[in-house]
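**Q** Below are the structure tokens for one structure; questions will follow.
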Amino acid sequence: MRVNPADFLTQSVTDSLRRAPAAPYTGTCSGGKFSARIVIPDIKKEIAAYFTEARPEQFGPMVLPFKHFGIEIAFDKHVTLEAFDDAFNLHPAIKALIVEFGTCSFRNVELSKHIDTVFQKNIFPNLVFHVDRGPQFENQYSLFYRDPADPDHKHPRKSSSLVTPNIAVVLQAKREGIDAVSAAVNCKLFDDDGLDRVLGKIVFEQRWDAPEGVGEMCVFDNRTVMHASYHREPGGYRIAVQYLF
């Protein structure tokens, strides 16, 4: 089943999630069903509660543009998702979700193939938060993909991808004694023991743990968030990556 994001990512979905951010939304698309949920409701409150040393003005809309963070969308049947076009432009409906929720995750999807699409595969260092695309690049969107047709991605993994707003990285780096210049580009934060306090609170986790053969995707804007890998298993995970406009 081939789906266009405009067919199901409608205004009613975001309106419903805004009204009840703790309640999942269930809808229909091309004869199947899908669900959408906000992963971290009221992330500003969560960040302020975690970083008690920070000043309230540090969480203004220009610094922390998200009221709620992370949206997960799951289909009950396998779909082929038209996430970007032949010019590698991310679909406007997905861009709109990223503007509001910071990062967007899809489950039970396969990406429609374009003639020039060649996914590179990366293993990012453990817990090193960074940006993929500096300001000199126009293609600022990073799309991570577990391809159900790729033998390397066949089995579910324990390693995951972490995404958090820029301000959370800056504040955590300051707490750990890392200078702001380093934190804004690339820095190792937290540790395995400390992650339980932040996952699902101020850090979104893409687990890549759907059953065998199920496709998964996570996409975000490098200008507003930073990301890292969390090596829950030795060696990490070579995830497919595509950079989009």
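The values are calculated or read from the model by the stated rules, or taken from the named source; none is laboratory data. Since the structure is predicted, the reported quantities are computational estimates derived from the model, not experimental observations. Cβ: placed from backbone, ideal geometry, glycine included. Neighbour counts: every protein chain shown. These area figures cover heavy atoms from the full protein model, side chains too; ligands, DNA and RNA do not enter into them. Shrake-Rupley method; radii C 1.70, N 1.55, O 1.52, S 1.80 Å.
**Q** Does at least one position in the range 121-130 carry a residue that is in contact with a Cys (Cβ under 8 Å, 6 or more places away or on another chain) and of a type in the set (Phe, Trp, Tyr)?
**A** The answer is yes, given that some residue of the range 121-130 is in contact with a Cys (Cβ under 8 Å, 6 or more places away or on another chain) and of a type in the set (Phe, Trp, Tyr).
**Q** Could you say whether any residue in the range 22-34 is in a strand (DSSP E or B), in contact (Cβ under 8 Å) with a residue 40 or more places away in the chain and surrounded by fewer than 17 Cβ atoms within 10 Å (Cβ to Cβ)?
**A** From the range 22-34, those in a strand (DSSP E or B) are 25-29, 32-34; that's our starting set.
Filter again for in contact (Cβ under 8 Å) with a residue 40 or more places away in the chain, leaving 29, 32-34.
If we keep only those that are surrounded by fewer than 17 Cβ atoms within 10 Å (Cβ to Cβ) as well, we get 32-33.
Yes, the range 22-34 contains a residue that is in a strand (DSSP E or B), in contact (Cβ under 8 Å) with a residue 40 or more places away in the chain and surrounded by fewer than 17 Cβ atoms within 10 Å (Cβ to Cβ).
**Q** Filter the range 215-245 down to residues that are closer than 16 Å to Phe144 by Cα, assigned to a loop (DSSP other than H, G, I, E, B), at pLDDT 95 or above and open to solvent by less than 60 Å² (accessible area, probe 1.4 Å), then give me how many there are.
**A** Final tally of qualifying residues: 2.
**Q** Separate question: State yes or no: is Pro151 surrounded by fewer than 22 Cβ atoms within 10 Å (Cβ to Cβ) and within 27 Å of Phe75 (Cα to Cα)?
**A** So Pro151 fits the description; yes.
**Q** Can I ask one more? Does Thr117 qualify as being surrounded by 16 or more Cβ atoms within 10 Å (Cβ to Cβ) and either at pLDDT below 95 or closer than 18 Å to Val169 by Cα (or both)?
**A** On the way: surrounded by 16 or more Cβ atoms within 10 Å (Cβ to Cβ): no; either at pLDDT below 95 or closer than 18 Å to Val169 by Cα (or both): yes.
Here the answer is no, as Thr117 does not meet what is asked.
**Q** Would you check which residues across the range 5-28 are over 20 Å from the mean Cα position of the chain (by Cα) and under 18 Å from Leu90 (Cβ atoms) and list them?
**A** Within the range 5-28, Asp7 is the sole residue that qualifies.
Residue by residue, here is whether (1) modelled with pLDDT of 95 or more; (2) in a helix (DSSP H, G or I); (3) of a type outside the set (Lys, Arg) holds:
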residue: Ser12; (1), (2), (3): no, yes, yes
residue: Ile38; (1), (2), (3): yes, no, yes
residue: Pro61; (1), (2), (3): no, no, yes
residue: His78; (1), (2), (3): no, no, yes
residue: Ala93; (1), (2), (3): yes, yes, yes
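**Q** Sticking with this structure for a sec: Does the range 170-181 contain any residue that is assigned to a loop (DSSP other than H, G, I, E, B), touching a residue at least 12 places away in the same chain (Cβ under 8 Å) and surrounded by 16 or more Cβ atoms within 10 Å (Cβ to Cβ)?
**A** No; the residues of the range 170-181 include none that is assigned to a loop (DSSP other than H, G, I, E, B), touching a residue at least 12 places away in the same chain (Cβ under 8 Å) and surrounded by 16 or more Cβ atoms within 10 Å (Cβ to Cβ).
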